[in-house]
Amino acid sequence: MDLCPQQPPLFTFGVIADVQYADIDDGFNFTRTRKRYYRSSLQLLKNALKSWSESAVKPDFILQLGDLIDGFNKLHGASQRALDTVLREFGSCPAKVHHVWGNHEFYNFSRSELMRSPLDSSLYADWRPRGVPGEDDIYAYQFSPFPGFTFVVLDAYDVSLLGRQQSNKQHNNAMNLIRLYNKNEDLNCPPGLQCHSRFTMFNGGFSQEQLDWLDSVLSVADEKQERVTIVSHLPVHPDCTDSVCLAWNHDDLLAMIRSHSCVVCYMAGHAHDGGYCLDKDTGVHHLTVDGVIETHPDSDAYGTVSVYPDRMVLRGNGKIMDRVFLFS
């Protein structure tokens with residue numbers, strides 16, 4: 001397979017996930033099976049930004065797939081300082097940055113705080129859902145970087161215990177849902193049954209309002225015969241991640257994707273060891289991007305995607321593998 005077609009790409013973009021920066025010593029994940037490099041993650045972000053800045057063909061935009069700073073910052077009263085440190089590095093970025101929100105964003109800030117922060121990149125939106133009166137906005141939007149191509153940023157914590165006041169109706173609805181499957185006192189501890197293991201506090205889901213809006217976006221793209229890439233923090237295909245990292249109602253979103261012909265790719269973060277699968281029924285590529293936070297300081301974890309009329313070509317750095325996503 002030709003990894004590098006002869007013609008120049010229509011456009012390019014960068015992708016990076018789970019930086020989780022904190023000015024603290026190295027540690028381990030929840031199960032103490034993987035090392036996390038909290039300070040070094042900032043240098044790996046710098047490596048990616050430097051590469052994109054010096055590239056002969058500079059990316060048109062960057063997809064930052066969530067968990068930009070780590071939840072430990074909140075415990076140390078350093079949330080804003082850590083965010084400022086990371087965003088300062090993005091100041092040298094040669095392209096627009098589209099920020100996805102992950103669980104660690106909500107460990108550090110409320111939803112309303114994020115909506116007022118530089119992590120709200122919906123100012124680049126061509127279309128976003130209308131808010132429901134009396135409820136917090138959904139952080140989702142659509143943008144078109146090139147004629148015939150659409151990208152959709154989805155809010156994987158629209159239904160969630162994170163980032164919402166406990167008195168909020170949406171918080172109560174999320175609590176009722178997670179308690180159907182997770183009986184543990186600590187809701188960050190997955191349920192015993194593997195088929196329910198995704199129902200933890202560090203995951204979330206997509207509301208019906210958001211799914212209805214996505215259906216409208218994809219219907220328009222179907223009519224225009226556009227190529228659509230969907231991005232969010234949580235994976236939705238069981239074959240591209242461990243089951244504990246899936247969105248709560250991943251099956252609803254998968255069904256939505258499968259009901260439209262325009263979707264070519266779904267990209268997510270969250271699962272730090274990455275993953276990939278091709279949905280053979282639809283030809284949709286599902287990519288889970290390896291996390292920076294668990295990448296050794298001597299390596300890297302970012303990629304650059306070149307988009308052609310019939311494919312997307314991912315050139316990875318460090319842990320990220322090269323891949324070709326053919327359009328069916």
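The values are calculated or read from the model by the stated rules, or taken from the named source; none is laboratory data. Just so it is clear, the model here is predicted, and its values are computed rather than measured. All Cβ positions, glycine included, derive from the backbone under ideal geometry; neighbour counts span all protein chains shown. Ligands, DNA and RNA are excluded from the accessible area calculation, which covers all protein heavy atoms including side chains. Shrake-Rupley method; radii C 1.70, N 1.55, O 1.52, S 1.80 Å.
Which members of region 119-177 meet the condition of being touching a His at 6+ places or on another chain (Cβ under 7 Å) and among the hydrophobic types (A, V, I, L, M, F, W, C)? Can you show your working first?
Of all residues in region 119-177, those touching a His at 6+ places or on another chain (Cβ under 7 Å) come to 119, 121, 124, 153, 156, 161, 164-165.
Once the filter is applied, which keeps residues that are touching a His at 6+ places or on another chain (Cβ under 7 Å) and among the hydrophobic types (A, V, I, L, M, F, W, C), region 119-177 yields L119, V153, A156, L161.
Pairs only if they're at least six apart or on different chains, beta carbon under 6 angstrom, first in region 91-111 and in contact (Cβ under 8 Å) with a residue 12 or more places away in the chain and of a type in the set (A, V, I, L, M), second open to solvent by 10 Å² or more (accessible area, probe 1.4 Å) and assigned to a loop (DSSP other than H, G, I, E, B); list them, first residue then second.
Qualifying pairs under 6 Å: A95/D60.
Just the residues that are open to solvent by 10 Å² or more (accessible area, probe 1.4 Å), touching a strand residue (DSSP E or B) at 6+ places or on another chain (Cβ under 6 Å) and at negative phi, please, taken from region 255-274. It would help to see each step written out before you state the result.
So the first thing to find is which residues in region 255-274 are open to solvent by 10 Å² or more (accessible area, probe 1.4 Å), and the list is 255-256, 258-261, 264, 270, 272-274.
Narrowing the set further to residues that are touching a strand residue (DSSP E or B) at 6+ places or on another chain (Cβ under 6 Å) leaves 264, 274.
Of everything in region 255-274, just one residue is open to solvent by 10 Å² or more (accessible area, probe 1.4 Å), touching a strand residue (DSSP E or B) at 6+ places or on another chain (Cβ under 6 Å) and at negative phi, namely V264.
Kindly evaluate F28 against the criterion of being surrounded by fewer than 20 Cβ atoms within 10 Å (Cβ to Cβ) and more than 18 Å from R81 (Cα to Cα).
Values: surrounded by fewer than 20 Cβ atoms within 10 Å (Cβ to Cβ): yes; more than 18 Å from R81 (Cα to Cα): yes.
Yes, satisfied.
Could you list, in sequence order, the residues of region 195-215 that are among the polar types (S, T, N, Q) and within 16 Å of A255 (Cβ to Cβ)? So that I can check it myself, show each step before the final result.
Our first condition is that a residue be among the polar types (S, T, N, Q); within region 195-215, this holds for 197, 200, 203, 207-208, 210.
Once the filter is applied, which keeps residues that are among the polar types (S, T, N, Q) and within 16 Å of A255 (Cβ to Cβ), region 195-215 yields S207, Q208, Q210.
Within region 184-196, can you find the residues that are in contact (Cβ under 8 Å) with a residue 40 or more places away in the chain and open to solvent by 80 Å² or more (accessible area, probe 1.4 Å)? Outline the logic, then answer.
First, the residues of region 184-196 that are in contact (Cβ under 8 Å) with a residue 40 or more places away in the chain: 188, 190, 194-195.
Selection gives Q194, C195.
Looking only at region 207-215, decide whether some residue is over 22 Å from G102 (Cα atoms) and open to solvent by 50 Å² or more (accessible area, probe 1.4 Å).
So in region 207-215, the residues over 22 Å from G102 (Cα atoms) come out as 215.
After this cut, where a residue has to be open to solvent by 50 Å² or more (accessible area, probe 1.4 Å) as well, the list is 215.
So far as region 207-215 goes, yes, one or more of its residues are over 22 Å from G102 (Cα atoms) and open to solvent by 50 Å² or more (accessible area, probe 1.4 Å).
Can you name the residue in region 164-189 that is over 17 Å from S110 (Cβ atoms) and polar (S, T, N, Q) and, of all such residues, is farthest from the chain's Cα centre (by Cα)?
N184
Taking the options K74, K46, K58, name whichever one is surrounded by fewer than 21 Cβ atoms within 10 Å (Cβ to Cβ), outside any strand (DSSP E or B) and modelled with pLDDT under 95.
Working: K74 fails: modelled with pLDDT under 95; K46 fails: modelled with pLDDT under 95.
Of K74, K46, K58, the one residue that is surrounded by fewer than 21 Cβ atoms within 10 Å (Cβ to Cβ), outside any strand (DSSP E or B) and modelled with pLDDT under 95 is K58.
Restricting attention to region 278-311, and to residues there that are in a loop (DSSP other than H, G, I, E, B) and open to solvent by less than 30 Å² (accessible area, probe 1.4 Å), which single residue is farthest from E226 (Cα to Cα)? Break it down stepwise before answering.
Going through region 278-311, the residues in a loop (DSSP other than H, G, I, E, B) turn out to be 280-283, 289-291, 295-300, 309-310.
Imposing the further condition that a residue be open to solvent by less than 30 Å² (accessible area, probe 1.4 Å) reduces the set to 283, 289-291, 295.
Numbers: G283: 15, V289: 24, D290: 28, G291: 30, T295: 35 Å.
My answer is T295.
Just checking, which of V305, V289 is among the aliphatic types (A, V, I, L, M) and either in contact with a Gly (Cβ under 6 Å, 6 or more places away or on another chain) or under 27 Å from R198 (Cα atoms) (or both)? Please lay out each step first, then the result.
Values: V305 fails: either in contact with a Gly (Cβ under 6 Å, 6 or more places away or on another chain) or under 27 Å from R198 (Cα atoms) (or both).
The unique qualifying residue is V289.
Of all residues being open to solvent by 50 Å² or more (accessible area, probe 1.4 Å) and either within 30 Å of M312 (Cα to Cα) or in a loop (DSSP other than H, G, I, E, B) (or both) in region 158-183, which is modelled with the highest pLDDT? Just the residue, please.
Step one: of region 158-183, the residues open to solvent by 50 Å² or more (accessible area, probe 1.4 Å) are 165-167, 169, 172-173, 175-177, 179-181, 183.
From the residues that got through so far, the ones that are either within 30 Å of M312 (Cα to Cα) or in a loop (DSSP other than H, G, I, E, B) (or both) too are 165-167, 183.
Working: Q165: 85, Q166: 87, S167: 83, K183: 95.
Taking the candidates together, the pick is K183.
Taking region 88-103 as the region of interest, how many residues are open to solvent by 20 Å² or more (accessible area, probe 1.4 Å) and either within 17 Å of the chain's Cα centre (by Cα) or basic (K, R) (or both)?
Number of matching residues: 2.
Scanning for something open to solvent by 40 Å² or more (accessible area, probe 1.4 Å), in contact (Cβ under 8 Å) with a residue 12 or more places away in the chain and closer than 22 Å to W248 by Cβ, does region 136-157 turn up at least one residue?
Step one: list which residues in region 136-157 are open to solvent by 40 Å² or more (accessible area, probe 1.4 Å), which gives 136-137, 144-147.
Next, only the ones that are in contact (Cβ under 8 Å) with a residue 12 or more places away in the chain stay: 136-137, 144-146.
Going one step further and asking which of them are closer than 22 Å to W248 by Cβ, we end up with 136-137.
The answer is yes; a qualifying residue exists.
Is there any pair with a first residue in region 302-316 that is in contact (Cβ under 8 Å) with a residue 40 or more places away in the chain and within 17 Å of A56 (Cα to Cα) and a second that is of a type in the set (K, R) and buried (at least 19 other Cβ atoms within 10 Å of the Cβ) whose Cβ atoms are under 9 Å apart and which are 6 or more apart or on different chains, and what are they?
Correct list of pairs: V307/R227.
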